[in-house]
Amino acid sequence: MTSRGLIGVFDSGVGGLTVLKALRRALPHHDFLYLGDTARVPYGRKPPEMVRGFAHEITAFLVDRGAAAIMVACNTATAVALTDLQNAFDIPVWGVINPGVEAAARATRSGRVGVIGTRGAIASGAYQRRLEACGMTVWAQACPMFVHLVEEGLADSPEAEILARHYLGAHPDIDTLILGCTHYPVLAPVIGRVLGPGVTLVESASVAAESLRITLAADAPGHGRITHFVTGDPVAYEHTAHVIGGVDGEIVALPISELKAYSPLGVSASR
Ligand code: DGL
């Protein structure tokens, strides 16, 4: 792609807007297409083959709209679909797991690292394999209820504290924890309280954005445009996008039936 090519970004919902925000800051002159699949969120509880199908049709849609590269901003989709997408599409396709692993490798001193994510992301073993390949000792924990806390605006509630203690209270000796889900950075304060100051929390958005800035040698000034496609309620989406900030752009309602036209005939459902 050229240094100004159109970049497609997608997530199961609004969480990936934090990745888009970091990308936008790193690559201000680029145009972005963002697809938030809010009609089908959460991906984290769905079978991997179903998530792979969604990821494939979304990528095909974004490519059809002119995307010259794709950032999979969803950890679950990265975990179960990135390799398929890289094999199926003849453009750069990046995910958020390698940047998260890179951030953890920089942060840890002991080499004992934790990762939390959705059931799908943790069950895939994608984070664990990469961390272990870097020589780290890994503790992995699925925290399925965390997404719902954030979706319900309960990130700072007593319920969040109880669930964080439930999932993380018995953690082994680690000095770094990867927030391996788009929603978890919102819970960083409560997670930090439960784990204490000896554990550094890392997430992938800023590392992913920085590595793209370097890869694309992107130092031109300017104001690129963002177009958002949203499969669910555009009003709720607009509200969240406004709260996150830095991702203003046109919002287009995209019926699932339109996405289905890009369904992955022939994509392996067995991996
Ligand atoms: N975007 C998903 C992820 O990062 C979290 C929400 C979901 O389960 O779809 O894994």
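Values in this text are rule-based calculations from the coordinates and carry no lab data. Only a predicted model underlies this, so the values are computations on that prediction, with no experimental measurement involved. Note that we place each Cβ from the backbone using ideal geometry, even for glycine, and neighbour counts take in every protein chain shown.
What separates the Cα centres of region 37-60 and region 81-111 is a distance of 18 Å. Return a whole-number percent for the relative contact order of region 92-214, with Cα pairs under 8 Å and 6 or more residues apart as the contact set. 35 percent. A helix-only calculation puts the chain at -13000 deg cm²/dmol for mean residue ellipticity at 222 nm, using -39500 (n - 2.57) for each DSSP H run of at least four residues, averaged over all residues.
Converting phi to 3J(HN,Hα) with the Karplus coefficients 6.51, -1.76 and 1.60 and the offset θ = phi - 60°, region 172-186 yields x, 6, 10, 10, 9, 10, 7, 7, x, 7, 4, 7, 6, x, 5 Hz in sequence order, with x at every glycine or proline. If you plug the beta carbon distance of Ile256 and Arg119 into 1/(1 + (r/R0)^6) with R0 = 30 Å, you get a FRET efficiency near 0.85. Listed peptides 245-255, 121-131 appear in the order 121-131, 245-255 once ranked by packing, highest mean of other Cβ atoms within 10 Å at the front. Sorting 156-163, 198-205, 138-145 by their mean Cβ neighbour count within 10 Å, with the most densely packed peptide first, gives 198-205, 138-145, 156-163. Ranked by the mean number of other Cβ atoms within 10 Å of their residues, highest first, the peptides 238-244, 7-13, 185-191, 83-89 come out as 7-13, 185-191, 83-89, 238-244. The modelled label-to-label distance between Ala39 and Gln141, using points 7 Å beyond Cα along the C-beta direction, is 3.7 nm.
Enter the Cα centre distance for the pair region 61-77 and region 180-256, rounded to the nearest angstrom. Taking the Cα centre of each part, region 61-77 and region 180-256 sit 14 Å apart.
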